[in-house]
Amino acid sequence: MKVVTFLGTGKYQPTCYVWGKQSFETTHFPEALAAWLKPDEMLVMLTSEARAHENWATLQRQLGTQVQLTPVDIPSGRSELELWDIFELLTGALQPGDQVVFDITHAFRSLPLVGLLAAQYLRVAQRVDLQGLMYGAFEARDDQGRAPVFDLTPFLTLLDWLTATDRFLSTGNAGKLAELLSDAHRLPWKQSAGGDRSELPRHLGGLATSLQGLSDAMAVTRPVEASEQARKVDAAIDHAASESSRWARPFNVLLGHVREASDFLLPGDLAAHRQLVHWYVERGQIVQAVTLAAEWLISWTCQQLGVAQDDREERKAVTSGIENAMKQQSGRELHG
């Protein structure tokens with residue numbers, strides 16, 4: 001395991017850091033992480049000022065015999081270009097498959113944000129096994145001077161939920177969103193093997209299935225099925241709303257947007273199907289738009305003629321009539 005940490009030039013005070021049932025008193029939070037995690041290597045991000053400061057010498061004395069300390073020289077981050085340089089140095093210091101914990105406790109200025117984004121990039125693009133995003137909250141000390149340690153890793157999953165929801169809203173593809181919901185349903189059950197399961201999620205998986213069904217129906221231009229699935233999604237959201245606030249909190253924030261995305265399909269009538277044509281056009285899905293528009297025209301004509309829209313023979317006759325009318329119209333225009 002590797003720990004990526006930052007060191008600045010601040011005056012660090014002796015503090016008792018508390019993480020779960022563990023505690024450790026130190027001036028430099030990386031020492032606490034080394035004691036708790038037993039990493040093989042610690043990459044210390046240092047500006048030239050920090051490398052020359054007593055803080056770096058102190059950390060070397062504290063950890064020199066416990067873990068391999070690898071200094072990584074970074075610029076001060078005083079410009080956008082320098083921030084990009086820091087990002088590239090961070091991502092370049094690790095390899096795919098590395099088990100990594102990021103520590104942003106002693107990061108300064110905008111570096112915590114850079115560290116957060118670098119951690120997300122490494123996790124998604126380089127397949128780094130991110131095992132923690134740690135922050136020793138010195139400013140949140142209690143009356144006894146004990147500082148809590150927060151693992152901010154769950155906030156990285158918020159970006160996953162945002163990306164998956166945006167993909168669903170902009171394309172109709174709910175694959176990733178359904179996968180995240182399925183994981184949110186499955187993992188608590190897996191982790192509670194042999195324990196009390198009375199409070200575990202029971203509806204998140206059903207919502208995932210309904211969303212995937214809606215996505216599939218829209219992908220193959222089946223408006224009737226899409227409306228049926230939209231109603232299932234609407235009902236599943238009602239059932240899963242209370243569970244998402246506990247087991248899928250990022251989705252809980254986005255839940256309303258997901259519901260609104262398919263509300264127009266709920267009536268299941270020709271007006272809803274016409275709106276679905278516009279939905280395809282707005283998203284550049286022209287083939288689906290043209291296909292559904294043709295089907296809508298046939299259904300609308302059936303409705304005007306008072307014949308069954310779902311009767312194959314009736315639809316075939318109406319389709320033939322529309323095609324003949326179009327040919328006649330084209331012929332008149334040609335002979336104008």
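Details
- Neighbours by Cβ (under 6 Å, 6+ apart or cross-chain): first from segment 201-214, open to solvent by less than 20 Å² (accessible area, probe 1.4 Å); second among the basic types (Lys, Arg) and in a loop (DSSP other than H, G, I, E, B): none
- Segment 271-285: number of residues that are open to solvent by less than 50 Å² (accessible area, probe 1.4 Å) and either in a loop (DSSP other than H, G, I, E, B) or aliphatic (A, V, I, L, M) (or both): 5
- Taking residues in segment 241-261 that are closer than 19 Å to SER198 by Cβ and open to solvent by less than 20 Å² (accessible area, probe 1.4 Å), and partners anywhere that are part of a helix (DSSP H, G or I) and aromatic (Phe, Trp, Tyr), the pairs with Cβ atoms closer than 6 Å and at least 6 places apart or on different chains are SER244/PHE251.
- A count restricted to segment 27-79 and to residues that are assigned to a helix (DSSP H, G or I) and farther than 17 Å from VAL100 by Cα stands at 15.
- Of all the numbered requirements in (1) more than 16 Å from ALA217 (Cα to Cα); (2) modelled with pLDDT of 95 or more; (3) buried (at least 16 other Cβ atoms within 10 Å of the Cβ), VAL318 misses one, and that requirement is (2).
- Among residues of segment 133-176 being in a loop (DSSP other than H, G, I, E, B) and closer than 24 Å to GLU260 by Cα, the one that is farthest from the chain's Cα centre (by Cα) is GLY172.
- Complete set of residues in segment 123-133 that are at pLDDT below 85 and among the hydrophobic types (A, V, I, L, M, F, W, C): VAL124, ALA125
- Residues in segment 28-42 that are crowded, with 22+ Cβ neighbours inside 10 Å and hydrophobic (A, V, I, L, M, F, W, C) were compared, and the one that is nearest to LEU59 (Cα to Cα) is PHE29.
- Restricting attention to segment 283-324, the residues being under 25 Å from ALA261 (Cβ atoms) and basic (Lys, Arg) number 1.
- As a summary of the residue check, TYR12 satisfies the conditions (1) open to solvent by 30 Å² or more (accessible area, probe 1.4 Å); (2) part of a loop (DSSP other than H, G, I, E, B); (3) in contact with a strand residue (DSSP E or B) (Cβ under 6 Å, 6 or more places away or on another chain) except for the one numbered (3).
- Residues that are over 16 Å from GLN131 (Cβ atoms) and either assigned to a loop (DSSP other than H, G, I, E, B) or open to solvent by less than 60 Å² (accessible area, probe 1.4 Å) (or both), drawn from segment 15-26: THR15, CYS16, TYR17, VAL18, LYS21, PHE24, THR26
- Subset of segment 91-109 (residues that are surrounded by 14 or more Cβ atoms within 10 Å (Cβ to Cβ), at pLDDT below 85 and in contact with a Gly (Cβ under 7 Å, 6 or more places away or on another chain)): PHE108
Per-residue answers, yes or no, for (1) open to solvent by 30 Å² or more (accessible area, probe 1.4 Å); (2) of a type in the set (Phe, Trp, Tyr); (3) in contact with a Lys or Arg (Cβ under 9 Å, 6 or more places away or on another chain):
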site	(1), (2), (3)
PRO112	yes, no, no
ALA119	no, no, no
LEU133	no, no, no
GLU139	yes, no, no
ASP142	yes, no, no
ARG146	yes, no, no
LEU152	yes, no, no
LEU156	no, no, yes
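- Exactly one residue out of GLU49, GLU54, GLU41 is under 26 Å from GLY20 (Cβ atoms), modelled with pLDDT of 90 or more and among the charged types (D, E, K, R), and it is GLU41.
- Residue in segment 109-130 that is closer than 24 Å to GLU25 by Cβ and of a type in the set (S, T, N, Q) present: no
- Hits in segment 215-243 - residues which are part of a helix (DSSP H, G or I) and charged (D, E, K, R): ASP216, GLU225, GLU228, ARG231, LYS232, ASP234, ASP238, GLU243
- Matching residues in segment 74-90 - criterion: being open to solvent by 50 Å² or more (accessible area, probe 1.4 Å) and touching a Pro at 6+ places or on another chain (Cβ under 8 Å): GLU82, ASP85
The values are calculated or read from the model by the stated rules, or taken from the named source; none is laboratory data. Since the model is a prediction, treat every value here as computed from it, not as a measurement. We place every Cβ from the backbone using ideal geometry, glycine too, and count neighbours over all the protein chains shown. The area values use the complete protein model at the heavy-atom level, side chains included, leaving out ligands, DNA and RNA. Shrake-Rupley method; radii C 1.70, N 1.55, O 1.52, S 1.80 Å.
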